[in-house]
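Reviewing the structure listed below.
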Amino acid sequence: MDQQLPITRPVTPLLDRVEQERSVLQTLDANELLALADELRQFLLYCVSGTGGHFGAGLGVVELTVALHHVLTTPRDRIVWDVGHQTYPHKILTGRRDRMHTMRQQGGLSGFPKRSESDFDTFGVGHSSTSVSAAMGMAIAAQQQGLDRKVVAVIGDGAITGGMAFEALAHAGHARPNMLVVLNDNQMSIGHNTGGLATYFAKIWASRTYIALREGSKKILQNVRGAWDLAKRTEEHMKGMVAPGTLFEELGWHYIGPLDGHDLPTLVQTLKTMTQLTGPQLLHIRTTKGKGFPPAEADPIGFHAINKIEPPKDAEESVAAAPTTTKAPKYQDVFGQWLCDMAAIDPRLVAITPAMCEGSGMVNFARKFSDRFYDVAIAEQHAVTLGAGMACDGLKPVVAIYSTFLQRGYDQLIHDVALQKLDVTFAIDRAGLVGQDGATHHGAFDLSYLRCIPNMVIACPSDENECRLLLTSAYRHEGPAAIRYPRGEGIGTPMVAELDTLPVGKGIVVREGSDVVVLNFGVLLPEAISAAEQTNATVVDMRWVKPLDDALLSEMVQSHRGIVTIEENAVAGGAGSAVSEWLHQQDVVCPIKHVGIPDRFIDHASQGETRIDAGLAAKDIVMAIKSLQSAEENALPTPDESKDKRHG
Ligand SMILES: Cc1ncc(C[n+]2csc(CCOP(=O)(O)OP(=O)(O)O)c2C)c(N)n1
């Protein structure tokens, strides 16, 4: 197989046939199925080279996808994919081949299964570890309605580390619905899979290899001098190994495996048998992430997701287009650097990630401070309470977590951290709109869900240097503190190398204007300034959502006739709401407009497009300011009037 991604459309006669008439897929013989899998892999490589997106996981389940759609009658039978980042082959086989070039683009296909996109996408997904619960629900629904429907969940060895998957496995082992779980074990999460389960799966494999070796090679080994002794010693060493599937069988599942998940004929046979059995069935397969594309097999972390291949430019053009300035750092790397710097001077610092070491910019920290780095696998709830426990006994934990995934650890945040005023710092990445991953991944709610928790302080930097300063401030603050920052690069602000702090709950005026004050919370500050320049408004960089800067707010209300708040968070319950509540508490009447994410889920598109879609562009801020200014011409109170105009 080539080392380069194909940029010309491959010839795919079987895929073409299946596209014309899907039912053909169930009638193909063993050789045709192999050929179809081959074509599917080629087509997948071609598609992803054109759009970018999730890569290695899809390549690893090509055979499984073909086998499932061959054995099952989909969509009547249900396939429930976990996480859903591995479903590009499924999409190609289910009538969406001609739209693959729109993958993750505005108006195009979603990178994840989506019920509104296709009947074949039985369950919307993006966050992990939901498939067993959802499939079990469907199996029960079929049973309740007397339907003869097969239900299969596909879950990776990474996703199964999420506690929710085990809640479902334990329940199903007891309730015994007719369903099959395929455990797709490629020994990888986004990074290397961690924890006891990963070791357990590895032991299952080793024990199978060992059993086969012992049975098959005993005789041969006996005749080779030295080899028998070595084998005996290995046997001693392997005493701790597990019988395949004990864990699942103890939970009440019928376990078969481990099988080679790229051996299509065996996979088809096994699936045919297992889908006829009653009760909860678990098939454990072993696959290679990135299968069939050598660079991805060699570097599954780097090829978890890729950018699209840009068409080659001619030499002259590329010289002309060569960037002249260095790029601003990504926020995740600003965090990673800060973490290393702070760890170097504070031995109490420990860092926790729920399986997002690379995305959270922690690779260097993990290398330099391996004894203070805890990758807990996809276990957000555990990550938060682990931090709480550490904080009880003298450590200073930093939990690095994506905004959207902290939703999973919400009760832990309230009950285990905030209620006990424990000194845990939350570094919340991917806050705001993330772009192509879409609605499942936007960090749209953290300000709303954090702000209502007592004892929390919450910072929202407006650029990368402020991010570093506020990280230090949040870390030095004794008690639960959160700092939220977005996906992507900063704006090129020079970085201060020292670990300086900014005062908690204090903002600054960044532009003096008149009439209307724009209160900015976070990284939309450049848009706020641009809008203010067009309308001569004042701009304040608030820096903190909680506590709010009382003194500065009072001053602004007295000297302006209207307020516009700006944040990349849901308007409902967000930073703007905090300002409205503050006005209400102060008994001050002051016209106020909130610019933020509206009350709907924002679809996938580029990050810039999602911001425009959500109404977060400079022109939206201008409109908000102008609406206050024009209202002002009619009826807006003067600053002094507003001060006097108190409720009651
Ligand atoms: C709740 C949650 N936490 C984190 C993630 C980020 N994430 C996406 S894919 C992935 C790894 C999944 O590993 P696995 O299930 O083994 O699938 P593979 O990519 O190896 O095929 C992670 C951690 C997520 N989608 N959902």
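Where a number appears in this text, it was derived from the coordinates with a stated rule and is not lab data. In this text, all values refer to a predicted model and were calculated from it rather than measured experimentally. So basically every Cβ, Gly included, is an ideal-geometry build from the backbone, and we count neighbours across all protein chains shown.
Less than 5 angstrom separates the built amide H of VAL80 from those of VAL152, ALA153, VAL154, all sequence-distant by 5 or more or on a different chain. An oblate overall shape is assigned to region 442-487, the ratio a/c of its alpha-carbon gyration tensor axes (a ≥ b ≥ c) being 1.5 or greater and a/b not exceeding b/c.
Among the listed pairs LYS114/LYS203; LYS368/LYS396; LYS368/LYS546, a Cα-Cα separation exceeding 27 Å is found for LYS114/LYS203; LYS368/LYS546. Only one residue of VAL83, ALA206, ALA379 has its Cα farthest out toward the positive end of the dipole of the chain, where Lys and Arg carry +1 and Asp and Glu -1 on Cβ, and that residue is ALA206.
When Lys and Arg each count +1 and Asp and Glu each count -1, what net charge do the other residues less than 15 Å away from LEU447, Cβ to Cβ, add up to? Charge balance near LEU447 sits at -1. Each Lys and Arg contributes +1 and each Asp and Glu -1, all at the Cβ; summed about the Cα centre of region 395-465, the dipole is approximately 180 debye. Charges were assigned to the Cβ only: +1 to each Lys and Arg, -1 to each Asp and Glu. The resulting dipole of the chain about its Cα centre is roughly 1800 debye.
Which net charge results when you count Lys and Arg as +1 and Asp and Glu as -1 among the other residues whose beta-carbon is under 10 Å from that of GLU489? Charge balance in the 10 Å sphere: +1. Each label point was placed 7 Å from the Cα along the Cα-to-Cβ direction; for GLU117 and ILE140 their separation is 2.8 nm. Cα convex hull, region 39-160: 96 Å³ per residue, rounded to a whole number.
Pairs of Cα atoms nearer than 8 Å and 6+ residues apart set the relative contact order; for the chain it is 11 percent. Each other residue within a Cβ distance under 11 Å of ILE155 adds +1 if Lys or Arg and -1 if Asp or Glu, for a net charge of -3. Under Stokes-Einstein, with the Kirkwood radius over Cα pairs as Rh, the value for the chain at 4 °C and 1.567 mPa s is 48 µm²/s. Could you tell me whether region 364-429 comes out rounded, prolate or oblate from its Cα gyration tensor? Rule is a ≥ b ≥ c as square roots of the eigenvalues, rounded for a/c under 1.5, then prolate if a/b exceeds b/c, otherwise oblate. Here region 364-429 falls in the oblate category. Here the chain is scanned for GluC sites (Glu not before Pro) in DSSP loops (not H, G, I, E, B) that have at most 14 other Cβ atoms within 10 Å, and the longest stretch holding none of them is 22-477. Taking only the alpha carbons of region 357-492, we obtain Rg and Dmax values of 14.1, 41 Å in that order.
Here the simple spin-label model places points 7 Å from the Cα toward Cβ, and for VAL363 and ALA35 these points are separated by 4.2 nm.
For a paramagnetic label modelled on LYS272 (point 7 Å from Cα along Cα→Cβ), amide N atoms under 15 Å away belong, within region 41-75, to 67-73.
Amide H contacts for LYS593 (H built 1.01 Å from N in the peptide plane; partners 5 or more residues away or on another chain; cut-off under 5 Å): ILE563, VAL564, THR565.
Here the extension length gained between LEU419 and GLU478 equals 19.9 nm, from 0.36 nm per residue of separation less the Cα-Cα distance. Peptides 584-594, 543-553 ranked from most to least packed by the mean count of surrounding Cβ atoms within 10 Å: 543-553, 584-594. Dividing the summed helix terms, -39500 (n - 2.57) for each DSSP H run of n ≥ 4, by the number of residues in the chain produces a 222 nm estimate of -12000 deg cm²/dmol to the nearest 500.
Would you please classify the overall shape of region 448-543 from the alpha carbon gyration tensor, given that a ≥ b ≥ c denote the square roots of the eigenvalues, rounded means a/c under 1.5, and beyond that prolate means a/b larger than b/c while oblate covers the rest? Here region 448-543 falls in the prolate category.
When the listed pairs LYS330/LYS619; LYS421/LYS619; LYS330/LYS506 are checked against a 31 Å cut-off, the alpha-carbon distance exceeds it for LYS421/LYS619.
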